[in-house]
1. What are the residues in the stretch 100-119 that are in a loop (DSSP other than H, G, I, E, B) and either touching a residue at least 24 places away in the same chain (Cβ under 8 Å) or in contact with a Cys (Cβ under 8 Å, 6 or more places away or on another chain) (or both), if any?
2. Just one of Glu40, Glu93, Glu72 is part of a loop (DSSP other than H, G, I, E, B), surrounded by fewer than 19 Cβ atoms within 10 Å (Cβ to Cβ) and of a type in the set (D, E, K, R); which is it?
3. Kindly indicate the residue of the stretch 3-34 that is in contact (Cβ under 8 Å) with a residue 40 or more places away in the chain and in a helix (DSSP H, G or I) and also farthest from Thr145 (Cα to Cα) among those meeting that condition.
4. Condition (residue is crowded, with 16+ Cβ neighbours inside 10 Å, basic (Lys, Arg) and under 24 Å from Gly31 (Cβ atoms)) applied to the stretch 101-108: is it met by at least one residue?
5. Which residue is surrounded by the fewest Cβ atoms within 10 Å (Cβ to Cβ), if the candidates are limited to the stretch 127-146 and must be of a type in the set (Gly, Ala, Ser) and touching a residue at least 24 places away in the same chain (Cβ under 8 Å)?
6. Can we say Ala115 is more than 20 Å from Glu47 (Cβ to Cβ), in contact with a helix residue (DSSP H, G or I) (Cβ under 7 Å, 6 or more places away or on another chain) and crowded, with 20+ Cβ neighbours inside 10 Å?
7. With respect to Glu59, is the statement that it is within 16 Å of the chain's Cα centre (by Cα), surrounded by fewer than 16 Cβ atoms within 10 Å (Cβ to Cβ) and of a type in the set (Asp, Glu) true?
Amino acid sequence: MPIQYVAGDLFVNRCHAQALAQGCNCRGSMGAGIAVGFKERYPQMYEEYRRRCKTDPREFNPGDVFLWRADEQPHVFNLATQEDYWRSKATYERVEVALTEMRRQADEATITSIAMPRVGAGYGGLSWNKVKVVIERVFADWSGTLYVYDEFIADQ
């Protein structure tokens, strides 16, 4: 099955995924939730993300995906699921558009394994059960493996 649900810490990456993924806002802020961990572990990725959010016109918009190619794996997919972080929440449509684009970019980059948290269901404010349906629809016939960390367990 191309989707595996796992418990643990995404950053331990015990599944040895080639890439990690996270949901983001389009304002250049990674100040809460798992985004803080990405910001701390990938400072160059964070700076490029901020630049894309702050340009005029903006280069990172709802539904977009920004793939940060790290010198060493794992790479990072940033999914624009929220317009901002203070007023608006994620939407199921943006999650689906971003997941579809992530899958396309993964195929193009020959990335065959991705690990991600419950995108859109934390600070994004969406129902995990509904997001799960979207994930399963988008990745049902994917040739790679998507690891979804649906339960956080520190350091595992």
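Computed from the coordinates by the stated procedures, all read-outs in this text should not be read as laboratory data. None of the values given here were measured: they were computed from a predicted structure. Cβ coordinates were reconstructed from backbone atoms using ideal geometry, including for glycine residues, and neighbour counts include every protein chain displayed.
1. Within the stretch 100-119, Ala109, Ile111, Thr112, Pro117, Arg118, Val119 meet the criteria.
2. Residue meeting the stated conditions: Glu72.
3. First pass over the stretch 3-34, keeping only residues in contact (Cβ under 8 Å) with a residue 40 or more places away in the chain: 3-10, 12-27, 29, 31-34.
Retained after the next criterion (residues that are in a helix (DSSP H, G or I)): 10, 12, 34.
Working: Leu10: 15, Val12: 17, Ile34: 21 Å.
Across the stretch 3-34, the extreme among qualifying residues is Ile34.
4. no
5. Ser143
6. The answer is yes for Ala115.
7. Considered against the rule, which asks whether it is within 16 Å of the chain's Cα centre (by Cα), surrounded by fewer than 16 Cβ atoms within 10 Å (Cβ to Cβ) and of a type in the set (Asp, Glu), Glu59 comes out as no.
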